[in-house]
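Accompanying notes for the structure given below.
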Amino acid sequence: MHAEMTVATISRPPGAVSVRPFSESDTARWETFVAHCPTATFFHRIGWRAIIQEHFHHRCHYLIAERDGAVSGVLPLAEVKSRMFGHALVSWPFAVYGGPAANDGESEQALINAAVAIAQQQGVEHLELRDREPRCPAWPRQDLYVTFRKEIFPDVDANMLAIPRKQRAMVRKGIKHGLKSVIDNSVDRFFTLYSDNVHRHGTPPFSRGYFAQLTEVFGDRCEVLTVVDPSSRPLSSVLSFYFRDEVLPYYAGDAVDARELAANDFKYWELMRRGCERGLRVFDYGRSKRGTGSYDFKKNWGFEPAALSYEYRLLKRERIPENNPLNPKYRAFIALWRRLPRPVANFVGPMIVRNLG
């Protein structure tokens with residue numbers, strides 16, 4: 001296990017903000033702060049630190065801002081380093097959202113300054129902050145990604161009626177086919193559907209162990225919902241995160257004939273319905289790239305896209321990275337990956353995807 005980078009704490013007068021590295025004794029204070037800070041997200045939870053270090057073997061640099069002994073901000077950071085994709089300091093790898101979560105602007109800026117210092121000390125090519133709102137206007141920004149978030153109404157029928165007519169018809173089609181949703185107690189059925197789905201799209205998969213660790217670390221805040229037909233055959237599955245009053249469907253997969261049976265639409269409706277019955281208030285459809293089928297699918301549900309602010313401090317490169325499937329230079333790789341036998345893709349894929357971040 002790598003030791004975390006040391007950030008010097010300078011003596012400051014009362015009321016001033018100081019920033020220091022996270023230590024294990026800070027775990028409870030970190031979690032309490034994230035639970036209540038308005039700008040914090042599920043991806044700021046401390047459990048991600050162990051997952052990133054133990055499963056992906058990336059070096060973490062977690063920072064805490066304090067004012068008069070009380071936590072005033074946190075910033076999770078990890079180094080992602082590979083020959084193929086370069087060397088970066090990211091908040092937060094494999095996450096939609098990241099960046100500093102802070103109670104005030106001074107704490108936020110102090111955390112960003114400390115992150116820049118670590119990036120320089122570690123010799124990374126760039127520092128990346130992933131956020132819903134811009135924090136560093138002078139930094140280059142990537143405008144490829146959007147997020148889709150919408151209120152969950154307290155009444156189930158009101159949520160059904162809020163779905164645009166054509167998409168609502170697809171949900172009702174799934175109901176007519178006798179589809180049902182089941183909460184799984186393992187990731188087995190999910191992983192089978194997920195790995196098949198990403199293979200068809202030419203994308204390397206995460207490992208089954210990664211998803212199992214997510215459920216172990218986050219407990220009932222990480223849940224697998226699987227849609228089955230009347231014969232109990234799995235058709236579509238989604239692994240979702242729960243944070244405060246929000247549900248975030250994050251990883252998903254489906255069988256080849258899921259679309260014909262409207263299993264995907266039914267799946268997300270069931271997740272929304274169950275969320276409504278649990279008293280949740282926000283359905284976060286997650287991140288999509290502009291110009292993709294995922295983007296269009298979520299818009300068809302009546303969700304409006306909101307631009308994500310992915311900001312970069314470029315240190316040893318002139319342009320922001322483009323490590324995504326829309327980059328033309330990856331087209332040949334995607335075509336090749338689709339031709340691999342799925343067992344081979346499932347074995348090799350996690351070794352590649354761990355460096356994408």
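The values are calculated or read from the model by the stated rules, or taken from the named source; none is laboratory data. Since this is a predicted model, take the numbers as computed values, not measurements. Positions of Cβ are backbone-derived with ideal geometry, glycine not excepted, and every protein chain shown enters the neighbour counts. For the accessible areas, the whole protein counts, side chains as well, though only heavy atoms, and no ligand, DNA or RNA atoms are used. Shrake-Rupley method; radii C 1.70, N 1.55, O 1.52, S 1.80 Å.
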Percent of alpha-carbon pairs separated by more than 24 Å within segment 190-324: 38 percent
Amide H to amide H, which residues 5 or more places from residue 251 or on other chains are under 5 Å from it, using H placed in the peptide plane? 239
Convex hull volume of the chain per residue (C-alpha atoms, cubic angstrom): 140 Å³
Please compute the modelled spin-label separation between residue 175 and residue 158, points set 7 Å along Cα→Cβ, answer in nm with one decimal. 1.8 nm
Consider all pairwise Cα distances in segment 234-295 and report the whole-number % of them above 18 Å. 40 percent
For segment 120-258, alpha-carbon Rg over 2.2 N^0.38 Å: 1.30
Distance cut-off 21 Å, Cα to Cα: go down the list 173/298; 176/267; 150/267; 180/299; 150/299; 180/289 and report the pairs above it. 180/299; 180/289
Provide the gained length on full extension for the span residue 132 to residue 257, in nm with one decimal, where the gain is 0.36 nm per separating residue minus the Cα-Cα distance. 41.5 nm
For the chain, longest principal axis from Cα atoms; helix 342-353 axis from its Cα atoms; angle between them, nearest 10 degrees, is 20 degrees
Dipole of the chain, Cα-centred, from +1 at each Lys and Arg C-beta and -1 at each Asp and Glu C-beta, to the nearest 20 debye? 1320 debye
Could you work out how far helix 105-122 tilts from the main Cα principal axis of the chain, as a 0 to 90 degree angle to the nearest 10? 80 degrees
Share of carbon and sulfur in the accessible heavy-atom surface of segment 218-312 [1.4 Å probe, %]: 45 percent
So how far, in whole Å, is the C-alpha centre of segment 215-240 from the one of segment 63-126? 33 Å
Under a point-charge model restricted to the Cβ atoms of Lys and Arg (+1) and Asp and Glu (-1), what is the dipole moment magnitude of segment 36-85 relative to its Cα centre, in debye to the nearest 20? 220 debye
Could you quote the convex hull projected area for segment 1-156, Cα atoms only and averaged over all directions, in nm²? 11.5 nm²
Regression test value, accessible area per residue of the chain, probe 1.4 Å, units Å², expected 45 Å²
Helix axis angle, 263-277 relative to the chain longest principal axis, alpha carbon, degrees: 60 degrees
Estimated vicinal HN-Hα couplings, Hz - segment 74-81 in sequence order (Karplus 6.51, -1.76, 1.60; Gly, Pro = x): 9, 8, x, 9, 9, 8, 10, 10
Add -39500 (n - 2.57) for each DSSP H run of 4 or more in the chain, then divide by its residues: what number comes out at 222 nm, to the nearest 500 deg cm²/dmol? -10000 deg cm²/dmol
